[in-house]
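**Q** The following block contains the structure, expressed as structure tokens.
The values are calculated or read from the model by the stated rules, or taken from the named source; none is laboratory data. Since the structure is predicted, the reported quantities are computational estimates derived from the model, not experimental observations. Quick reminder, even Gly has a Cβ in these numbers, built from the backbone with ideal geometry, and neighbours come from all protein chains shown. The accessibility values were calculated without ligands, DNA or RNA, using every heavy atom of the protein model including side chains. Shrake-Rupley method; radii C 1.70, N 1.55, O 1.52, S 1.80 Å.
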Amino acid sequence: MHKVIRQMSQLRLQAPQGAALLRSAESSSTAISPVSPPALQSKSLHTAASAGMLCAKWNKHNYGPRKWLEYNKTVHPPQETDEEPRKAYVCHMRSNIKYSPDKMWYIAAFVRGMSVDEALKQLNFVLKKGATDVKETIVEAQQMAVERHNVEYKSNLWIAESFVGKGRVFKGVRRHARGRFGKVEYKHCHYFVRLEEGEPPQHYYQEPQTPEQQYESWMEQMRSRKIINSL
């Protein structure tokens with residue numbers, strides 16, 4: 001408290017000196033616009049420069065995820081003539097999206113396993129804020145595949161991987177009635193996508209089973225189970 005009072009008293013003492021300097025500058029030359037002295041600028045409590053320095057201090061070590069983009073720099077060995085040609089792929093991401101990772105998970109899982117054209121078409125009808133970021137990320141990855149990774153047709157791509165990571169979380173306070181307060185969290189997320197050349201598989205996760213196949217797999221599971229304290 002004493003430190004704050006001492007700073008305010010110094011500002012009051014320097015204010016008449018700054019005003020005298022401004023009056024002398026105006027009287028000496030009219031072509032030069034009056035500028036506040038550096039002493040007053042350094043003592044200012046709220047300036048854009050100080051806010052920028054503060055943000056730079058906060059983000060000094062916040063590089064975000066960097067390993068995912070390193071997969072684009074992988075150099076594969078040459079293939080034999082009788083081997084199946086290796087499919088081209090491209091990894092892309094968008095970091096620190098102002099959206100909850102729990103909500104973004106539904107959108108990421110929705111487009112997984114689709115072709116690029118079908119995913120972009122379906123995302124136009126998803127009424128969620130995160131769908132815009134997912135769509136823009138897929139379009140950027142599609143453009144990167146054509147320009148940097150020698151993919152001939154941009155429509156000949158499908159979404160091989162699509163998942164979300166947790167980003168920065170800013171904690172704040174929300175006021176309530178009767179002098180109480182509650183905690184609020186402002187969450188961010190990272191979205192990762194990998195496009196692969198070729199046609200998407202017919203069944204991305206698992207081929208559907210008939211009722212007879214489901215019964216046989218259940219019986220096999222029951223026969224192979226371990227019964228505790230048995231002979």
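**Q** Based on the alpha-carbon set only, what is the convex hull volume of region 110-199 divided per residue, in Å³? Intermediate values should be presented prior to the final figure.
**A** On the way: hull volume 9.4 nm³, N = 90.
With only Cα atoms used, region 110-199 gives 104 Å³ per residue.
**Q** On to the next question. Between Ser224 and Lys154, what is the label-point separation in nm under the 7 Å Cα-to-beta-carbon projection?
**A** 4.7
**Q** Might you work out the accessible area of Tyr99 for me, using a 1.4 Å probe with all protein chains in place, and round it to the nearest 10 Å²?
**A** 30
**Q** Sticking with this structure for a sec: Work out the FRET efficiency for Lys183 and Tyr106 from their Cβ-Cβ distance, taking R0 = 22 Å, and round it to the nearest 0.05.
**A** Numbers: r = 25 Å, r/R0 = 1.13.
Efficiency for this residue pair is about 0.30.
**Q** Placing +1 at every Lys and Arg Cβ and -1 at every Asp and Glu Cβ, with all other atoms neutral, what dipole size does region 86-205 have around its Cα centre, in debye to the nearest 20?
**A** Numbers: 22 positive and 13 negative charges, 270 e Å.
That gives region 86-205 a dipole magnitude of about 1300 debye.
**Q** Mind ranking 109-122, 192-205, 162-175, 215-228 by how tightly packed they are, going by the mean number of other C-beta atoms within 10 angstrom, highest first?
**A** Numbers: 109-122: 17.1, 192-205: 15.5, 162-175: 13.7, 215-228: 8.4.
Packing proxy ranking, top to bottom: 109-122, 192-205, 162-175, 215-228.
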